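> Before I ask anything, here is the structure I am working with.
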Amino acid sequence: MRALVLAVALSVSGAAFADDLADANKALVAKSYPQALQLFSKLADAGNAEARFRLGEMVWYGQGVPVDRAKGDALFAQAAAAGIADAKTAMARTARRTERSADIAWWTSKYDGADLTSGKYSCDRPAIPEVSKDNAEIAATNTAFNAWVACYNGFIANLADAMPPGKRIPADILDLMSEAEFEQARIHLDRVYGGVSDSAQAAAGELMGKHGVWEKATVAYVAEANKQAGVRNDMQKAQLELDMHQRGGRQAVANPPSPPPPPPTRR
């Protein structure tokens, strides 16, 4: 009977631990760190290996608590000794972090957004004349402007793909960042992306304004040129008709009709 009571007690205790672990994991995912920390700490003190691993991650990353990588590594070691495979991998994280410290600093404070405005995204602005007066220059200006528009649209699409800030941090670097470092990187990237966007929009607005002025001036010039060409054509047509009329008159004077024959004489 005593053994049966003990077995029942262990069963109830195991079920309670499982419920607490599930609740702790849910709290961690929801970033309810105080609740997660309390539950994981209780379970870790009771010897739960998974709880020790999760608690180690919270401490290592500084999730709701100050960063303490030495304590985190110790908890990883305990969890790994109990058979938690992820804990064995996590034990090497501190060494990798030391090796990649420059990469972490790059994303948290030194990234400048050059990749967003270089190479195929450089989108050099074409020269836009004040007005074009021949078909060759009109075609060349339109071709250059349309090429810039296509490049700019690609730049905008690439910038949008980088959102939200932090999306393009490599996974292996992200895995080594503390919670605070990721937030620092997110704020830094948001500021850089905003600056790149503002600068590009200002330049685009200026270029499109110049293109609009050029287009209006060129259309007006072409319309006036066509009008003048029409007037010249009308004048040339009238002159041609006058010339033909005058040539006909001169020909009539130069070739007068022969006089009629003299009347017959009477005998």
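Residue-wise test of (1) among the hydroxyl-bearing types (Ser, Thr, Tyr); (2) free of Cβ contacts under 8 Å to residues at least 40 places away in the same chain; (3) assigned by TED's automatic domain parsing to the domain that holds THR141; (4) assigned to a helix (DSSP H, G or I).
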residue	(1), (2), (3), (4)
ASP198	no, yes, yes, yes
ALA202	no, yes, yes, yes
ALA217	no, no, yes, yes
TYR221	yes, no, yes, yes
ALA225	no, no, yes, yes
ALA229	no, yes, yes, yes
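> Right, here's the next one. State yes or no: is LEU21 modelled with pLDDT of 95 or more, touching a helix residue (DSSP H, G or I) at 6+ places or on another chain (Cβ under 7 Å) and within 24 Å of ALA70 (Cα to Cα)?
Working: modelled with pLDDT of 95 or more: no; touching a helix residue (DSSP H, G or I) at 6+ places or on another chain (Cβ under 7 Å): yes; within 24 Å of ALA70 (Cα to Cα): yes.
In short, no.
> Quick one: which of ILE84, ILE104, ILE128 is closer than 24 Å to ALA44 by Cα, modelled with pLDDT of 95 or more and more than 20 Å from the chain's Cα centre (by Cα)? Write out each step before concluding.
Numbers: ILE104 fails: closer than 24 Å to ALA44 by Cα; ILE128 fails: closer than 24 Å to ALA44 by Cα.
Just a single option satisfies the conditions, and that option is ILE84.
> Report the residue count in the range 158-171 for those that are in a helix (DSSP H, G or I) and touching a helix residue (DSSP H, G or I) at 6+ places or on another chain (Cβ under 8 Å). Before the answer, list the steps.
Step one: of the range 158-171, the residues in a helix (DSSP H, G or I) are 158-161, 171.
After this cut, where a residue has to be touching a helix residue (DSSP H, G or I) at 6+ places or on another chain (Cβ under 8 Å) as well, the list is 158-159.
Counting residues in the range 158-171 that are in a helix (DSSP H, G or I) and touching a helix residue (DSSP H, G or I) at 6+ places or on another chain (Cβ under 8 Å) gives 2.
> Pick from the range 78-115 the residues that are β-branched (Val, Ile, Thr) and touching a residue at least 12 places away in the same chain (Cβ under 8 Å): which of them is nearest to ASP190 (Cα to Cα)? Spell out the reasoning first.
Going through the range 78-115, the residues β-branched (Val, Ile, Thr) turn out to be 84, 89, 94, 98, 104, 108.
If we keep only those that are touching a residue at least 12 places away in the same chain (Cβ under 8 Å) too, we end up with 84, 94, 104, 108.
Working: ILE84: 37, THR94: 28, ILE104: 16, THR108: 11 Å.
Once the filter is applied, the top-ranked residue is THR108.
> Restricting the first residue to the range 45-61 and requiring it to be free of Cβ contacts under 8 Å to residues at least 24 places away in the same chain, which pairs with a second residue that is assigned to a helix (DSSP H, G or I) meet a Cβ separation below 7 Å and a spacing of at least six or different chains?
From residues that are free of Cβ contacts under 8 Å to residues at least 24 places away in the same chain, the pairs are LEU55/PHE40; LEU55/SER41; LEU55/ALA44; LEU55/LEU75; VAL59/LYS71; VAL59/GLY72; VAL59/LEU75.
> Report, by residue number, each residue of the range 27-36 that is assigned to a helix (DSSP H, G or I), surrounded by fewer than 15 Cβ atoms within 10 Å (Cβ to Cβ) and under 34 Å from the mean Cα position of the chain (by Cα).
Initially, the range 27-36 is screened for residues assigned to a helix (DSSP H, G or I), giving 27-29, 33-36.
Among the residues that remain, those that are also surrounded by fewer than 15 Cβ atoms within 10 Å (Cβ to Cβ) are: 29, 34.
Within the range 27-36, just VAL29 meets the criteria.
> For the range 63-157, which fully contained helices (runs of 4 or more DSSP H) count at least 3 residues that are touching a Leu at 6+ places or on another chain (Cβ under 7 Å)?
Those helices (runs of 4 or more DSSP H) span 93-99.
> Scan the range 150-162 and tell me whether some residue there is under 30 Å from GLU57 (Cβ atoms), modelled with pLDDT of 95 or more and of a type in the set (Ser, Thr, Tyr).
Taking the range 150-162 and keeping what is under 30 Å from GLU57 (Cβ atoms), we get 161-162.
From what is left, the residues that are modelled with pLDDT of 95 or more are 161-162.
Among the residues that remain, those that are also of a type in the set (Ser, Thr, Tyr) are: none.
Checked against the condition, which is being under 30 Å from GLU57 (Cβ atoms), modelled with pLDDT of 95 or more and of a type in the set (Ser, Thr, Tyr), the range 150-162 yields no hits at all.
> Pull up the range 191-249, narrow it to residues that are of a type in the set (Asp, Glu) and at pLDDT below 80, then point me to the one that is farthest from the chain's Cα centre (by Cα).
Let us first name the residues in the range 191-249 that are of a type in the set (Asp, Glu), namely 198, 206, 215, 224, 234, 241, 243.
Filter again for at pLDDT below 80, leaving 234, 241, 243.
Details: ASP234: 56, GLU241: 66, ASP243: 68 Å.
The qualifying residue farthest from the chain's Cα centre (by Cα) is ASP243.
> Just give me the residues in the range 113-158 being surrounded by 11 or more Cβ atoms within 10 Å (Cβ to Cβ) and basic (Lys, Arg), in sequence order.
If the condition is that a residue be surrounded by 11 or more Cβ atoms within 10 Å (Cβ to Cβ) and basic (Lys, Arg), then ARG125, LYS133 are the ones that fit.
The values are calculated or read from the model by the stated rules, or taken from the named source; none is laboratory data. Everything numeric here is computed off the predicted structure, so don't read it as measured data. Cβ sites come from the backbone with ideal geometry, for glycine too, and all protein chains shown count toward neighbours.
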